[in-house]
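*Asks:* This is the structure I want to talk about, given as C-alpha cells.
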Amino acid sequence: MITVDELSSTFAALADPTRRAILQRLASGEATVTELAEPFAMSLPAVSKHLKVLERAGLISRGRQAQWRPCRLEAGPLQDVAKWVEHYRRFWTESFDRLNEHLRAVQTRRWDMSAKEASGNPGTHDAERELVMTRLLDAPRDLVFKAWTDPERVAQWWGPHVFTNALCELDVRAGGAIRIHMRAPDGTVYPMTGVYQEISEPERLVFTSAALDQAGRPMFEGLNTVTFAEQAGKTLLTVRVRVVRSTPEAAQHLAGMQAGWTQQLERLEAHLAKP
C-alpha cells in the first residue's frame, strides 16, 4: 500500500534536477560521492547533501567497502510512483477513447444527413459537403506520416476492405501528382487522381482527389486535409474531406464515402500494427 507521505517524500526528492541526474547515473551502476560529483559545478559537501535527501527518501543506499562508501540505486519508491501515475494514465487514455467514439458518432450522423440530402436531390451537385474523421493510432507520428506518403505503404492499405491497388504513384511535393487505381474483387478498376497542395512533414498533408468514371471523367472532387498530432507516443489522426464538386451520377458514391473512409482507416490501422 502506497501512503501519501511516502509519495510526498519521493516526489520532493525528485523535484531537484541534480538529484534526478544522480539517480540517472546510478541506474548504470554503483558510484562514489567523488564520481557522482564530477559532472556538477559544486563541492563534495553539496553533493553529499543531495545524497542524504535521496537516502532519506529510500531512493539510494550506501555501502561500505574499505575506505569508500559506494552509492547504489534503490528502485522500489520509483516503482510506487509509476503505479500511482499509471492510474491517471489509464484515466486519460479511457477519456480520449470515449471522446474519439463520441466524435465518430457525431461525424457519422452528420455525414449520413449530408448523404441523404445528396441522394434525395442529385441536382445540387456543386454544393459543398464535408466529412471529418479522427482515429488514435498506436504508432509514432513519423511512421504514420510515412504510411501516407510512401507509395509502397499506401498501396497496402488504401481503399475499402478486400480492394487492392493496381497502381499507386505519389509525387510527394507541392504540385506533385497522385495516381491510384483501386481494383474491386470483381476486377473493376476505380481510378483516382489528385494533386498535393501542402506538405508539412510530419504534421500535415493537403491534397485534392478526384474519383473518375470508367471513361476517365471526374465524378466528384474532394479537398483532403490530414493532420498528425503526437500524443504520448501515439498519433491522433484527423482526416477532413470536403467535396467541392460533383456530378449527379456521383450521389451513390458520396452516400458510401463514410463507410469507405472508415474501412480505409481500419486497413491503415492494421497495416501499422504489422511488424
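Read the figures in this text as sums done on the coordinates, not as results from a lab. For clarity, every value in this text was computed on a predicted model and none was experimentally measured. Ideal geometry is used to build each Cβ from the backbone, glycine not excepted, and the neighbour counts take in all protein chains shown.
*Asks:* State all residues of region 23-53 that are among the hydrophobic types (A, V, I, L, M, F, W, C), within 15 Å of residue 63 (Cβ to Cβ) and touching a residue at least 40 places away in the same chain (Cβ under 8 Å); if no residue qualifies, say none.
*Replies:* Listed by number, the residues that qualify are 26, 31.
Residue-by-condition table, conditions (1) out of contact with any Leu (no Cβ under 7 Å at 6 or more places or on another chain); (2) under 26 Å from residue 85 (Cβ atoms):
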| site | (1), (2) |
| --- | --- |
| 6 | yes, yes |
| 13 | no, yes |
| 17 | yes, yes |
| 20 | no, yes |
| 26 | no, yes |
| 32 | yes, no |
| 35 | yes, no |
| 38 | yes, no |
| 44 | yes, no |
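*Asks:* Right, something else. For residue 147, indicate whether it is assigned to a helix (DSSP H, G or I), touching a residue at least 12 places away in the same chain (Cβ under 8 Å) and under 22 Å from the mean Cα position of the chain (by Cα).
*Replies:* Taking the combined requirement at face value, the residue satisfies it.
*Asks:* While we're looking at this one, here's another question. Keeping to region 1-43, report how many residues are in a helix (DSSP H, G or I) and surrounded by 12 or more Cβ atoms within 10 Å (Cβ to Cβ).
*Replies:* Matching residues across region 1-43 total 20.
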